[in-house]
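Just below is one structure, and these are the notes that go with it.
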Amino acid sequence: MAEDGLVENFHEGTVGQRHFAHPIIFWDETLRDGEQTPGVHFNPEEKLRVAEVLSEIGVSVINAGIPVVSEEEAEAVERLASAGLKAKILAAARTVPGDIDAVIRSEATHIAIFVAASNVHLQYKLKMSQDQVLAASVRSVRQAKDAGLHVAYVTEDTVRAPFDFVEKLYRAVKAEGADRLVIADTVGVMTPLTFRWYLREFHRRVAPTDWSVHCHNDFGLATANTLTALEEGVTSPHVCVNGLGERAGNAPLEELVVTLEKIYGVRTGLDLSRLYEVSRLVEELSGVPVSPTKAVVGYNAFSHEAGIHTHGILAHTLTYEPVQPEIVGRRRRMILGKHTGKAAVAAKLKERDMDLPDPVLVDLLQRLKASAERRSKEDLEEFLREYRSLFEQPGISDEEFWKLVEEMGLGARAT
Ligand code: MN
């Protein structure tokens with residue numbers, strides 16, 4: 001980012017680039033974990049639209065979904081697998097033979113086999129012993145390898161599981177032929193420091209060659225943790241467009257790619273200029289609005305209002321823009337409002353070749369500020385009421401649920 005030699009970049013060439021894998025294999029989870037965002041559903045047509053853009057952008061692996069979930073889901077995976085996309089199409093399966101058969105039938109070339117690893121998940125959710133998990137994992141990897149699939153092995157909640165068990169599991173599936181080993185911070189409890197330690201320890205114990213991380217954003221650390229993983233040589237980060245996903249979501253594709261390219265100077269091979277396009281598409285199809293302050297793709301990410309800032313931007317964009325908006329397919333916006341300064345007003349007037357003397361400019365500025373301060377918030381309040389009511393109960397409403405129960409004639413018998 002040291003354009004014009006005007007700014008220093010303390011990462012590039014120093015701490016950042018020691019271990020980065022080349023190429024980095026971007027594994028997109030928008031259509032699987034992203035679809036598990038409360039209330040979100042993509043039909044096969046919509047999944048295909050997102051996958052086409054992701055593939056064109058240069059994402060290497062696309063998780064299309066879990067075929068055993070429903071007929072429609074299986075159809076979606078099949079459609080993506082047969083669409084002739086450049087990206088590899090992956091489908092997910094539990095360590096259950098029927099799940100793996102469903103992936104084989106879908107003709108996806110890649111599979112992610114997942115099972116939980118932590119004690120809390122084994123005891124309360126799976127009700128399986130460590131030995132049972134180990135046996136099911138090895139058997140499942142074998143089943144998928146025998147079918148000729150590229151196999152990624154994933155444990156849910158890896159980082160909260162006993163390390164000795166994690167080591168045993170991953171060594172076993174690796175010996176069985178698993179191609180890619182995925183470490184999941186399923187509830188987002190790692191920090192860059194603890195994750196760095198974890199990954200070094202994992203590397204020492206398991207010696208993976210192709211390994212992957214799945215980071216959640218419960219504490220807002222998904223991007224930072226994924227970046228740490230890449231610094232440690234992890235080959236395949238899991239990402240979601242707009243950071244979609246369960247609860248607070250996953251590591252956002254756009255944040256990770258732009259950070260790698262613009263702060264670290266790592267060439268990802270991805271087409272950054274279409275990041276905004278895919279963000280808009282996923283926002284529209286998921287119905288999950290992007291926060292205005294969201295990095296890279298939020299409405300305000302390249303907007304300037306404050307006088308000092310717009311003055312700086314007008315003089316040289318590097319003053320307040322670490323990334324030029326055009327690079328990610330966007331344009332900067334100058335907002336006129338309460339915090340506007342003279343430079344922005346003068347620049348605005350230039351659009352009509354107007355050049356006013358200073359006292360008139362000051363007068364105009366004062367009127368503009370007063371007008372901004374008088375603006376009614378009614379529209380915004382109405383919008384927020386509507387917005388909140390949509391998100392307070394996404395998915396099937398209580399009313400719809402009980403109607404379904406009644407339609408089945410279960411009403412009277414319900415306790
Ligand atoms: Mn997840």
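Numbers for the structure displayed
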| item | result |
| --- | --- |
| Positive dipole terminus of the chain, leading residue within 290, 329, 209 (C-beta point charges) | 209 |
| Kirkwood-type radius of the chain, with distances r between different C-alpha atoms, in Å | 23.8 |
| DSSP beta bridge pairing in the chain, given as percent antiparallel to the nearest 5 | 5 |
| Trypsin sites (Lys or Arg not before Pro) within region 195-269, DSSP loop, no more than 12 other Cβ atoms inside 10 Å | 267 |
| Sulfur and carbon atoms: percent of accessible area, the chain [1.4 Å] | 53 |
| Lysines with Cα under 30 Å of residue 47, excluding same-chain neighbours fewer than 8 positions away | 86, 88, 125, 145, 262, 294, 403 |
| Probe 1.4 Å - accessible area at residue 406, Å² to nearest ten | 130 |
| Accessible area, probe 1.4 Å, largest first, for residues 338, 47, 377 | 377, 338, 47 |
| Residue order for 230, 221 - accessible surface, 1.4 angstrom probe, largest first | 221, 230 |
| The chain: relative contact order in percent, alpha carbon pairs under 8 Å with at least 6 residues between | 15 |
| Computed [θ] at 222 nm, deg cm²/dmol, the chain (DSSP H ≥ 4; -39,500 (n - 2.57); rounded to nearest 500) | -12500 deg cm²/dmol |
| Spacing of the two label points (7 Å from each Cα toward its C-beta) at residue 189 and residue 400, in nm | 3.4 |
| Candidate lysines for bridging to residue 342, where Cα separation is under 25 Å - those fewer than 8 sequence places away on the same chain excluded | 350, 369 |
| Computed accessible area, residue 371, all protein chains, 1.4 angstrom probe, square angstrom | 60 |
| Per residue convex hull volume, Cα atoms of region 153-234, in Å³ | 71 |
| Calculated log₁₀ intensity ratio I(q)/I(0) where the Debye formula runs over C-alpha points of region 317-387, q = 0.17, 0.27 Å⁻¹ | -0.86, -1.11 |
| Largest to smallest accessible area among 49, 375, 385 [probe 1.4 Å] | 375, 385, 49 |
| Mean-position separation - Cα centroids, region 365-390 and region 251-304, in angstrom | 27 |
| Sites residue 383 and residue 336 - FRET efficiency at Förster radius 25 Å, r taken between beta-carbons, to 0.05 | 0.75 |
| Charge dipole (debye, nearest 20) of the chain; +1 at Cβ of Lys and Arg, -1 at Cβ of Asp and Glu | 900 |
| Accessible surface, region 217-307, averaged per residue in Å² (probe 1.4 Å) | 31 |
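The values are calculated or read from the model by the stated rules, or taken from the named source; none is laboratory data. Just so it is clear, the model here is predicted, and its values are computed rather than measured. A quick note on method: Cβ atoms are made from the backbone with ideal geometry, for glycine too, and the neighbour counts reach across all protein chains shown. Ligands, DNA and RNA are excluded from the accessible area calculation, which covers all protein heavy atoms including side chains. Shrake-Rupley method; radii C 1.70, N 1.55, O 1.52, S 1.80 Å.
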